[in-house]
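> Below is one structure. I have some questions about it.
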Amino acid sequence: MAVSLAVLTLGFSISLSGRGIAGGINWAKVIYLLPYTAFVLLFAFLGHELAHRQVARRLGYYAMYQADYTLLPLAVIFPLLFGFIFAAPGAVVISPFRLYGRGDERRDVFFISAAGPLSNIAFAVLGIALFETIASQFWWFFAYINAWLALFNLLPIPPLDGSKMMRTNPAMWLPIIAVAALLVLWLW
């Protein structure tokens, strides 16, 4: 998780600082943004992945984070070349069998998949509340990154969380992605 967090921090900082190589990257701004981005991603990325893991474990599955070293470099390459981030650094891998108890597998897949984006939505709402209270641009940044990660992960594209949620319970997936989209639009 530490490698994924470091790469995502660099990728987000590059993405937020410029328009890729064609538009010029402001490296001083990248360096300035690194600690802020790292702090936000501690909540946004780690919170997202730990939420998946905890819900899976609570439902009786063995679960652990596994970095995807083929997609992880894209988190830096895309911002360098195009100015936007493609964030798929890895995933929580869940055992195909429950370790204890019985349950509805479709329901379990939905809840495990929804846990990550819902944690980002909760952090986005917290960031908005702090932004409205304290009026610090940092909390807008915190809210925006969390809302964006929620929306991205809710897209119905495999292997993202949204594809699993839509496959197992589209009626529950739709209002969750709508909330994430509204948060991103409101913060835009």
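The values are calculated or read from the model by the stated rules, or taken from the named source; none is laboratory data. Bear in mind that the values here come from a model prediction, so they are computed numbers and not experimental data. Reconstructed Cβ throughout: ideal geometry from the backbone, glycine too, with neighbour counts over all protein chains shown. Protein only, heavy atoms only, side chains kept; ligands, DNA and RNA dropped before computing areas. Shrake-Rupley method; radii C 1.70, N 1.55, O 1.52, S 1.80 Å.
> Just need a number here: residues in region 91-101 that are open to solvent by 40 Å² or more (accessible area, probe 1.4 Å) and closer than 12 Å to residue 56 by Cα. Outline the logic, then answer.
Restricting attention to region 91-101, the residues satisfying the condition of being open to solvent by 40 Å² or more (accessible area, probe 1.4 Å) are 91, 93-94, 96-101.
If we keep only those that are closer than 12 Å to residue 56 by Cα as well, we get 93-94, 96-100.
Within region 91-101, residues that are open to solvent by 40 Å² or more (accessible area, probe 1.4 Å) and closer than 12 Å to residue 56 by Cα number 7.
> Inside region 84-109, can you point out the residues that are more than 13 Å from residue 159 (Cα to Cα) and touching a Leu at 6+ places or on another chain (Cβ under 7 Å)?
Scanning region 84-109 gives 86, 103, 108.
> Okay, moving on. For the subset of region 6-56 comprising residues that are among the hydroxyl-bearing types (Ser, Thr, Tyr) and open to solvent by 70 Å² or more (accessible area, probe 1.4 Å), which member is nearest to residue 117 (Cα to Cα)? Break it down into steps so the answer makes sense when it comes.
So the first thing to find is which residues in region 6-56 are among the hydroxyl-bearing types (Ser, Thr, Tyr), and the list is 9, 13, 15, 17, 32, 36-37.
Keeping just the survivors that are open to solvent by 70 Å² or more (accessible area, probe 1.4 Å) gives 32, 36.
Numbers: 32: 28, 36: 21 Å.
Per the criteria, the residue is 36.
> Residues that are out of contact with any Phe, Trp or Tyr (no Cβ under 7 Å at 6 or more places or on another chain) and surrounded by fewer than 20 Cβ atoms within 10 Å (Cβ to Cβ), at least 2 per element: which helices (runs of 4 or more DSSP H) completely within region 102-188 meet that? Outline the logic, then answer.
Values: elements: 105-134, 137-154, 161-168, 170-187.
Helices (runs of 4 or more DSSP H) meeting the threshold: 105-134, 161-168, 170-187.
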